[in-house]
1. Exactly which trypsin sites (Lys or Arg not before Pro) in region 1-107 are in a DSSP loop and have at most 12 other Cβ atoms within 10 Å?
2. With +1 assigned to the C-beta of every Lys and Arg and -1 to the C-beta of every Asp and Glu, and no other charges, what is the dipole magnitude of region 140-232 about the Cα centre in debye, to the nearest 20?
3. Give a quick list of trypsin sites (Lys or Arg not before Pro) in region 159-210 that DSSP marks as loop, anything other than H, G, I, E or B, with at most 11 other Cβ atoms within 10 Å.
4. For every helix of n ≥ 4 consecutive DSSP H residues, a contribution of -39,500 (n - 2.57) applies; sum these over the chain, divide by its total residues, and give [θ] at 222 nm rounded to the nearest 500 deg cm²/dmol.
5. Roughly what % antiparallel, to the nearest 5, for the DSSP beta bridges in the chain?
6. With +1 on each Lys and Arg Cβ and -1 on each Asp and Glu Cβ, how big is the dipole of the chain about its Cα centre, in debye rounded to the nearest 20?
7. Length gain on complete extension for the stretch residue 209 to residue 117, per 0.36 nm per residue less the alpha carbon to alpha carbon distance?
8. Need one number: % antiparallel among DSSP beta bridges in region 140-232, to the nearest 5.
Amino acid sequence: MSAMALGNKTASVVWLESHRIHAGGQSRSLSGPVTQDVLVMALEGLPPGPTHWVVDDAWIPSLLIRDIVEIPAGSEAREAFFKWRFNQSLALEAPQSVQALDLGENAWLLAGIAEETRESWIQACLTLGRPMRSLVPRWLWLYNRLASSREVPGMLLSLCPAGPGAYTGTLASWGRNLALLRQWTEPATAETWIQERVLPSSAYLQRDSRSPQEVLVWGASAWPDCAIPTRILQPEIPAQEAL
């Protein structure tokens, strides 16, 4: 990543999902690969300076691992260990760039992106003078703004449209901290999400007295009634964020 200019306190937000790219207050529909031409059109409208990327969960799969009592010493050995755990669990074919976040209590959050994709995006940003300051999956961007202010266990659905009435996405639930993380690339209707993903996850969390008291839904304009109180989040995407 490129260093920030001295005194620059904000970064432009680039919001990238499989069906759209949103940047500088402008939203463009996507129907194919994120090519260099697509990125140039989106980034040229931004002021020069750092960018903060929020990307579809499917492009940056995440993994919550627990009971990690001991990790290798040394940064290279630690990086290799987490990359091995990530690839072993998700069985992804393309080489991945993996980052690990220590959540405490012997738990770690791993997030990975295909190395080729990451390098392509970084180079496009640098060429256009809009260096990538950070790169996070959509669910984590939402979670960081919701969970820290919630005093009771909750659940977030980070959804992306995938055909008429169907969605892919992430289910993240928290108690004192991140308690459960599940992701699906297979599209499912809202009813299927509730019956096969939300309610079974809630039942699993109930064992540790962490049943969600509310389900927060991002990415859908309407949602069926559920046994758990549900609130649809407004699809507000900021043009800039503080660094």
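Where a number appears in this text, it was derived from the coordinates with a stated rule and is not lab data. Quick caveat: nothing in here was measured; it's all calculated off a predicted structure. Note that each Cβ is placed from the backbone with ideal geometry, even for glycine, and that neighbours are counted across all protein chains shown.
1. Taking region 1-107 and a limit of 12 other Cβ atoms within 10 Å, the loop trypsin sites (Lys or Arg not before Pro) found are 9, 66.
2. On the way: 8 positive and 7 negative charges, 65 e Å.
The calculated dipole for region 140-232 is roughly 320 debye.
3. Numbers: sites: 176, 182, 197, 207, 210; in loops: 176, 207, 210.
In loop regions of region 159-210 (DSSP not H, G, I, E or B), the sparsely surrounded trypsin sites (Lys or Arg not before Pro) are 176, 207.
4. -6500 deg cm²/dmol
5. 70
6. Dipole magnitude for the chain comes out near 420 debye.
7. Additional length available on full extension: 29.1 nm.
8. Beta bridges within region 140-232, antiparallel portion: roughly 70 percent.
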